[in-house]
1. Has region A:152-165 got at least one residue that is under 30 Å from residue A:24 (Cα atoms) and part of a loop (DSSP other than H, G, I, E, B)?
2. For region A:189-209, check the following and say yes or no: at least one residue is among the basic types (Lys, Arg), assigned to a helix (DSSP H, G or I) and away from every other protein chain (no Cβ under 12 Å).
3. I'm told residue A:31 meets every condition in (1) free of Cβ contacts under 8 Å to residues at least 40 places away in the same chain; (2) assigned to a helix (DSSP H, G or I); (3) within 25 Å of residue B:4 (Cα to Cα); (4) over 17 Å from the mean Cα position of the chain (by Cα) except one. Can you identify the failing condition by its number?
4. Please list, ordered by first then second residue, the pairs with beta carbon atoms under 9 Å, 6 or more apart or interchain, first in region B:19-47 and more than 7 Å from chain A (Cβ to nearest Cβ), second of a type in the set (Asp, Glu) and surrounded by 11 or more Cβ atoms within 10 Å (Cβ to Cβ).
5. Any residue in region A:171-187 that's within 17 Å of residue A:38 (Cβ to Cβ): show its pairings with residues that are β-branched (Val, Ile, Thr) and at pLDDT 75 or above at Cβ separation under 6 Å, as long as the two are six or more apart or on different chains.
6. Can you tell me which of (1) touching a residue at least 24 places away in the same chain (Cβ under 8 Å); (2) surrounded by fewer than 17 Cβ atoms within 10 Å (Cβ to Cβ); (3) away from chain B (no Cβ under 14 Å) is the one residue A:213 doesn't meet?
7. In region A:83-113, what count of residues is obtained for those that are under 21 Å from residue A:201 (Cα atoms) and touching a residue at least 40 places away in the same chain (Cβ under 8 Å)?
8. Which one is surrounded by the most Cβ atoms within 10 Å (Cβ to Cβ) among residues in region A:7-22 that are in contact with a helix residue (DSSP H, G or I) (Cβ under 6 Å, 6 or more places away or on another chain) and hydrophobic (A, V, I, L, M, F, W, C)?
Amino acid sequence: MPKRVIWGAGVLLLVMAAAYASFYVAPTERTMGAIQRIFYFHAASAWAGMTAFLICFVANLQYVLGRKQKWDWIGVSAAEVGLAFTTVVLITGPIWAHPVWGIWWTWDARLTSTFVLWLLYVAYLMLRSMVEEPDRRALLSAIFGIFAFLDVPLVFGAIRWWRTQHPQPVIMGSPGSGLEPTMRKVFFFSVLAMHALMVLLVSERYRLEKLRGEFQELQREAEAG
Amino acid sequence: MKNLDSIFAAYLLGWGVFFVFYLSVARRTAALRGEVERLKASLTKGK
């Protein structure tokens with residue numbers, strides 16, 4: 001059996017176990033009730049998305065410094081995957097917010113900076129589709145990607161620096177904040193599962209980009225011959 | 001369980017996004033692999 005299939009099955013089992021734990025292991029939160037269980041999916045997806053954007057940022061820097069094609073491929077792969085995770089965050093957040101806040105959305109610092117982050121990486125992918133020459137495309141998008149990542153610390157800090165409708169942090173928050181021990185374990189298990197899924201998706205997307213590189217090489221060979 | 005429909009919607013839509021993304025990567029990879037094979041075959045024929 002190919003390694004990829006085993007790895008994929010492992011990730012699937014891990015995310016299923018995390019979903020099970022968030023419904024049957026984690027206790028029901030006292031104020032919000034069962035709806036709070038979305039937290040394990042919503043926040044874990046947000047963490048995995050931020051890690052994907054961090055990978056994209058490192059790859060963008062590496063490309064600008066060394067101009068190796070591999071870093072461009074990692075950059076675009078991580079950006080697309082990070083965008084998928086952020087899309088999940090922007091969908092699950094309002095579904096959680098509506099019964100709790102009575103509104104789907106508000107333009108507070110956390111929600112707005114997350115939406116801006118989503119737009120920035122959509123722009124990153126649009127920019128790539130508009131530039132045809134591969135080296136120019138890689139350099140321009142790497143520079144834009146470095147700029148886009150500047151929003152990530154803003155997203156992280158928004159609920160720490162400003163008063164927001166979005167809840168204050170329960171991890172790495174102020175003294176007195178935090179999670180009930182079982183909730184904390186389930187949360188970190190969900191974070192692990194979503195990171196495994198993120199790595200799997202980035203590696204699948206990287207394979208596509210590598211194949212595209214091979215295709216362009218063959219095209220050049222065909223045109224020269 | 002209160003708000004079960006919202007929890008169900010969040011998980012369904014969230015996993016839907018990942019599924020559609022994975023499917024799109026798999027389809028793009030399969031299409032490109034076909035192109036690579038076709039190009040390789042035409043280059044070998046031309047030699």
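1. yes
2. To start, the set of residues in region A:189-209 that are among the basic types (Lys, Arg) comprises A:205, A:207.
When the remaining residues are screened for being assigned to a helix (DSSP H, G or I), the result is A:205, A:207.
Subsequent filtering for residues that are away from every other protein chain (no Cβ under 12 Å) retains none.
No, region A:189-209 contains no residue that is among the basic types (Lys, Arg), assigned to a helix (DSSP H, G or I) and away from every other protein chain (no Cβ under 12 Å).
3. Of (1) free of Cβ contacts under 8 Å to residues at least 40 places away in the same chain; (2) assigned to a helix (DSSP H, G or I); (3) within 25 Å of residue B:4 (Cα to Cα); (4) over 17 Å from the mean Cα position of the chain (by Cα), only one is false for residue A:31: (2).
4. Cβ pairs passing all conditions: B:26/A:204.
5. Hits for this filter: A:179/A:170; A:186/A:25.
6. Single failed check for residue A:213: (3).
7. First, the residues of region A:83-113 that are under 21 Å from residue A:201 (Cα atoms): A:83-92.
In the following step, the residues that additionally are touching a residue at least 40 places away in the same chain (Cβ under 8 Å) were identified as A:83-86, A:88-89, A:92.
Residues meeting the conditions: 7.
8. As a first pass, look at region A:7-22 and keep what is in contact with a helix residue (DSSP H, G or I) (Cβ under 6 Å, 6 or more places away or on another chain): A:11, A:14-15, A:18, A:21-22.
Subset that is hydrophobic (A, V, I, L, M, F, W, C): A:11, A:14-15, A:18, A:21.
Values: A:11: 19, A:14: 19, A:15: 21, A:18: 25, A:21: 18.
The qualifying residue surrounded by the most Cβ atoms within 10 Å (Cβ to Cβ) is A:18.
The values are calculated or read from the model by the stated rules, or taken from the named source; none is laboratory data. Computed from a predicted model, the values in this text were never measured in an experiment. As a convention, Cβ positions derive from the backbone with ideal geometry for all residues, glycine included, and neighbour counts pool all protein chains shown.
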